[in-house]
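Just below is one structure, and these are the notes that go with it.
The values are calculated or read from the model by the stated rules, or taken from the named source; none is laboratory data. The shown structure was predicted, so the numbers you read here are calculated from the model rather than taken from an experiment. Because the Cβ atoms are built from the backbone with ideal geometry, glycine has one as well, and the counts that use them run over all protein chains shown. Note: areas computed on protein heavy atoms with side chains; ligands, DNA, RNA excluded. Shrake-Rupley method; radii C 1.70, N 1.55, O 1.52, S 1.80 Å.
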Amino acid sequence: MKPMKDLDALLSTPRGRDFLLSNGIHADAASFRAALSPPEDDRLARTSGAGHGPFVHMHQQIYVDYRPSVLAKVFTLDALAEAGVHPAFLWIDTDRAASDKLACRFYWPFEGALRAMKILPPGLGSVETRFAQVDPPRTLAAYRRITAYIRGDKRQPEAAALARLSTLRAHMLAREAVPLRDYGLGMTHALFTAHLAVDHPHVVVSDLLERGWLTPAIEDVLAVLPAVIAAWNARVSSLNDDGIATAVGKLPTDYLPLYVSDPEDGARLRLRHEIAGADHFATAQGNSGRTLRYFLGTRRLQLDELTETGRWSPDVTLPLLANALFSGWVAGRSSALYALVFRTIMTDVLGERPIPILVPCPAADPRPAATSLLHAYVTGAALSRPDARAASSVAS
């Protein structure tokens, strides 16, 4: 099998950049801004203070700390704000807590290894971030261990690092069991403002679900689900045949863009499409063996029964479903690739106009003398923040 071109490979050649641009994916901030228009549905923009101008998001799972690849997106979004675009962070609190280790663990480099510190009780890794509760004693233990690592590292000025760590104490130490979402957002806001001087509106996915602002888009997908699956699989095959990675695989015939959190153990479960006569259902098998089943309808499929649970969430198609709420979005390495598939679904099946995408160039990743944003802040390491041109443009 021939190697697949990832986003960095596509960005490295004029032909690759032309291909991305033909799919609405920009490597240049100026061309991206020129392609922006007000969102089709301006409700979120108005509640976020964006008014009638362009409204751009960066979606990201909530972590307690962040890698340079995420910071590249943050800096790119912030550069757009400096150019007059209204930005927003779209925080995903509906993924599994352990889908990425930085969502539920602190890490600190010490004696040649990254030391991990969990902040969740055992058994909550498959629970969504909005439902999983942090363990207060573990947050205290993490704080104390980082303190000990600082004191044990003779290469760093101890007093200054401990002083900076102490400014995060109120955010790191949970006084009671709180949702991992709230804990992570507190850490995120503290680190972004303290070390990045970045503070833009925060939008949380579960809030959009509660307001019903994603429901119409999901029901539009359900209305033409067989065509969505066929077009999706054909696009994945076509891109792979051309040697381009997609970051998503083919869909099964019982696919639904939906998950539900099991009311028994909280595990996030993929819902499958079940047809019984003229009736359609969303079903999932719980870890206890119990079958969860939600009626979707007969002719027009709707989410009424599922939304009543307050425990449902969308899958990786989130940016597609939120398309009408924004003018554009800043994508990472994986999300830009699966946007190549989304674009086909939106244009060929749903008849919608995909909003433009901006990707940071590979060189925009900050290269700090630190392992993460938390480590950079506490040790006082610079993040070599790129300027607006370096963060979002590629030389031809």
Per 0.36 nm of contour for each residue apart, how much would the distance between Asp265 and Asp6 grow if the chain were fully extended, relative to their Cα-Cα spacing?
89.5 nm
Set the Förster radius R0 to 41 Å, insert the Cβ-Cβ distance between Thr307 and Ser237 as r into 1/(1 + (r/R0)^6), and round the FRET efficiency to 0.05.
0.75
Within the chain, helix-based [θ] at 222 nm, where runs of 4 or more DSSP H residues each add -39,500 (n - 2.57), nearest 500
-10500 deg cm²/dmol
Förster radius 41 Å - calculated FRET efficiency between Ala113 and Thr13 (Cβ-Cβ, nearest 0.05)
0.65
Keeping every protein chain present and rolling a 1.4 Å probe, give me the accessible area per residue for the chain in Å².
42 Å²
On the accessible surface of segment 247-294, probed at 1.4 Å, how many percent belong to carbon and sulfur atoms?
46 percent
Sorting check: for 160-170, 370-380, which peptide has the highest mean count of neighbouring beta carbons within 10 Å, and how do the rest follow?
370-380, 160-170
Between Ser334 and Asn287, 0.36 nm times their residue separation minus their Cα-Cα distance comes to what?
14.0 nm
Any idea how far the Cα center of segment 298-315 sits from the one of segment 184-233, in Å?
16 Å
From highest to lowest solvent-accessible area (probe 1.4 Å; ligands, DNA and RNA excluded), His273, His57 read His273, His57
Length gained when the stretch Arg272-Asp220 is fully extended (0.36 nm per residue, less Cα-Cα span):
17.0 nm
Ignoring ligands, DNA and RNA, what percent of the accessible area of segment 107-236 is carbon or sulfur (1.4 Å)?
55 percent
Which FRET efficiency, nearest 0.05, do Ala30 and Lys154 yield, Cβ-Cβ r, R0 41 Å?
0.30
With charges set only on the Cβ (+1 for Lys and Arg, -1 for Asp and Glu), what does the dipole of the chain come to about its Cα centre, in debye to the nearest 20?
1260 debye
